[in-house]
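Read-outs throughout are calculated quantities, based only on the coordinates presented, and are distinct from any laboratory measurement. Note that the coordinates shown come from a computational prediction; the quantities given were computed from them, not determined experimentally. Methodologically, a virtual Cβ is constructed for each residue, glycine included, from the backbone with ideal geometry; neighbour enumeration extends over all protein chains shown.
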Amino acid sequence: MSDDTPEDEMPLANLPLDAWHREHGARMVPFAGYEMPIQYEGIVAEHTWTRESASLFDVSHMGQLALKGDNAAHELEKLLPGAISNLKPGKMRYSLLLTEAGGILDDLMVTNTGPHLALVVNGACKWDDIAHLREHLPDDITLTHFDDFALLALQGPKAGAVLEDLIPGTAELTFMTAGLFEWDGTHVWVSRAGYTGEDGFEISIHEKRAADLADALVADDRVKPAGLGARDSLRLEAGLPLYGHDLTIKTDPVSADLSFALSKKRRTEGGYHGHKAITARLAEVEDGTLAQKRVGLVLEGRMPAREGAEVFASDQKVGTVTSGGFSPTLGVPIAMAYVDAAHAAEGTELECEVRGRRLPAKVSPMPFVPHRYYRGS
């Protein structure tokens with residue numbers, strides 16, 4: 001196939017668990033260049049099961065990378081706004097890959113494994129991320145792409161007990177920590193993290209053993225497989241942005257309400273891509289001139305506002321919805337949107353235009369549903 005083949009006509013790749021998903025009744029759809037399971041039993045049922053018990057998600061489309069070298073953390077800090085050099089072994093940090101103009105190339109997780117830095121990047125961005133890293137990191141930093149590893153996410157309030165029964169020692173992990181464990185003669189890297197707002201884990205395992213691990217997990221009555229649909233409704237309720245929708249190269253961390261990812265020390269010291277632009281944006285927050293901000297919206301009625309819906313204050317368009325849907329947990333439509341900062345205050349009454357109708361909406365704090373991460377007893 002020629003290099004100029006349109007992306008949407010490129011053949012879809014298969015996940016290591018492709019056959020497993022089909023055997024378990026998954027409905028497969030294209031996503032991030034892969035055929036992926038969107039649902040098994042049904043989105044709402046899988047969403048609810050995750051909130052009540054534990055669900056197994058396949059996120060093997062994500063890019064699993066490793067950086068190794070004497071100055072790997074220092075060099076990576078030139079590309080990210082977070083503090084990486086002080087990240088202790090077994091600790092994780094959420095961060096952002098930025099352009100010089102402060103735009104977001106991707107959001108990602110960085111873990112200090114001890115021997116190297118591990119990065120988990122979004123599936124749709126991973127090849128561009130790899131190219132960006134290779135372009136900007138010095139030659140003495142080795143970049144490895146673990147494309148023969150699967151990544152499984154076990155999420156829900158019973159995930160901790162389930163995984164401890166299967167892989168003893170994992171219960172000692174707390175939110176945003178990770179470690180190397182052994183399961184059935186195979187090394188697995190386990191992180192206590194996820195993108196559902198619930199307690200849970202992400203498990204990296206060689207693709208040859210992925211189906212065996214998935215079988216072992218769903219053999220537990222507390223675990224059922226879940227697809228992309230439930231993962232999306234869960235992360236929306238958790239107020240977590242999705243790259244390519246709520247985050248793009250045209251958005252910046254400050255407007256995206258991700259200033260927590262900007263290390264306080266590095267805000268003043270700089271030295272990373274986009275520092276000058278980010279500093280200017282932070283100054284706009286201080287003087288009240290910030291143009292737009294990502295906010296949560298709760299709509300009246302039952303009709304959801306989807307991505308692209310326009311947001312109004314009276315007859316003035318003040319924003320655009322970037323993610324939206326019906327919340328199974330709350331029983332109301334919810335959305336994320338970028339709105340003019342003058343209309344971003346909690347409780348502000350706005351309207352979303354859906355199918356030619358103006359639906360009342362109110363700016364709401366996020367997360368819509370409280371996070372339940374395990375931070376220790």
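With the biggest extent put first, the Cα atoms of region 270-377 measure 48, 47, 22 Å across the principal axes. Between region 277-317 and region 8-53, the alpha-carbon centres lie 32 Å apart. Each 10 Å bin from zero holds the following percent of Cα-Cα pairs in region 45-104: 16, 34, 26, 19, 4. Note on region 1-104: the alpha carbon radius of gyration divided by the globular reference 2.2 N^0.38 Å gives 1.47. Could you compute the net charge surrounding residue 151? Neighbours are other residues with a C-beta less than 9 Å from the C-beta of residue 151; K and R count +1, D and E count -1. That sum, taken over residues with Cβ under 9 Å, equals -2. Proximity of backbone amide H atoms, modeled 1.01 Å from N, is registered between residue 149 and 207 at under 5 Å, excluding neighbours fewer than 5 places apart on the same chain. Take the Kirkwood radius over Cα pairs of region 63-207, plug it into Stokes-Einstein at 25 °C and 0.890 mPa s, and you get 156 µm²/s for translational diffusion. Quick note on the chain: its Rg to Rh ratio, both from C-alpha atoms and Rh being the Kirkwood radius, is 0.96. Over the chain, dividing the summed -39,500 (n - 2.57) contributions of all DSSP H runs of at least 4 residues by the number of residues returns a 222 nm mean residue ellipticity of -6000 deg cm²/dmol. As a rough footprinting exposure proxy, the listed residues 352, 125 were ranked by other beta carbons within 10 Å of their own, and the order from fewest upward is 125, 352. Normalised by 2.2 N^0.38 Å, with N the number of residues, the alpha-carbon radius of gyration of region 195-326 equals 1.40. The fewest-to-most ranking of 38, 205 by surrounding Cβ atoms within 10 Å reads 38, 205.
Longer than 30 Å from Cα to Cα, which of 88/224; 78/158; 265/362; 88/158; 224/250 are they? Say none if no pair is. Checking Cα-Cα distances, 88/224; 78/158; 265/362; 224/250 exceed 30 Å.
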